[in-house]
Amino acid sequence: MHNSIALRLASEADCRLLYDWRNDPITIAMSLVSEPVPWDDHVRWFNSVLGSPSRHLLVASDGTESFGTIRFDEIDDTAEISITVSPEKRGQGVGGILLDLADGWAKQELGLERIVARIKESNPASIALFSKSGYTVTERGEVLSLEKYL
């Protein structure tokens, strides 16, 4: 499965799909902002990300369907990462594959040296996923900070 997955930059055509994923009840519960996002707010956010030189929104696809996103927000040689796995693909190992692909993309395309993640302490599945992918916890609290050097 890993070899058939590719990352591409998000386009305007992805706006509705990413909106639906973002407003999935489990995604809402695990997000740092744990409330539904209104459509107009999503469109404004989506367009601002697409127009920003320091933000990169990627969509993972196997050529037939899209099933996840990765977002990098760059600050110098570091970026904060955020991932979303589509509701249909949760629990199938997709998150680990996305993180592996994200590492390669961040190093090759952005020349990054470090990636950080912020995950709610109440999201043990994401904490385990990032830890398994080589991230270490640097700060504990309601939101954990994790980092990985590339």
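The values are calculated or read from the model by the stated rules, or taken from the named source; none is laboratory data. Note that the coordinates shown come from a computational prediction; the quantities given were computed from them, not determined experimentally. Glycine also receives a Cβ, built like all others from the backbone with ideal geometry; neighbour counts cover every protein chain displayed. Areas reflect the complete protein model, heavy atoms only, side chains present, ligands, DNA and RNA absent. Shrake-Rupley method; radii C 1.70, N 1.55, O 1.52, S 1.80 Å.
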Exercise for the section: Just grab the label-to-label distance for Tyr149 and Trp39, each label 7 Å out from Cα along the Cβ direction, in nm (one decimal). Expected result: 4.8
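With only alpha-carbon atoms in the gyration tensor, what are the semi-axes of the equivalent ellipsoid for segment 41-86, in Å, largest first?
20, 14, 9
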Fill in the blank from the handout: Within the set Ser86, Ser48, Ser66, GNM on the chain using Cα springs under 10 Å gives the largest fluctuation to Ser48
Fill in the blank from the handout: Expressed in nanometres to one decimal, the distance between label points 7 Å along Cα→Cβ at Ser11 and Thr64 is 2.1
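May I ask for the Kirkwood hydrodynamic radius of the chain, worked out over all distinct Cα pairs and given in angstroms to one decimal?
Over the chain, the inverse of the mean reciprocal pair distance is 15.7 Å.
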Fill in the blank from the handout: For the chain the mean separation of alpha carbon contacts under 8 Å (6+ apart) over residue count, i.e. relative contact order in percent, is 19
Fill in the blank from the handout: the chain, Gaussian network, Cα under 10 Å: of Ala79, Ala29, Ala106, the residue fluctuating most is Ala29
Completion exercise
Of the DSSP H helices in the chain, the ones reaching 20 Å or more along their long axis in Cα terms and averaging at least 0.0 in Kyte-Doolittle hydropathy are 94-110
Handout entry: Separation in nanometres of the label points that stand 7 Å from Cα toward Cβ, at Asp76 and Arg90
Key = 3.6
Completion exercise
Excluding ligands, DNA and RNA, the carbon-plus-sulfur percentage of the accessible area of the chain with a 1.4 Å probe reads 50
Problem - Accessible area in square angstrom per residue, segment 82-150, 1.4 angstrom probe - result: 53
Practice task
Please list the non-local residues whose amide H lies under 5 Å from the amide H of Ile5, H modeled 1.01 Å from N, same-chain partners needing a gap of 5 or more.
Solution key: none
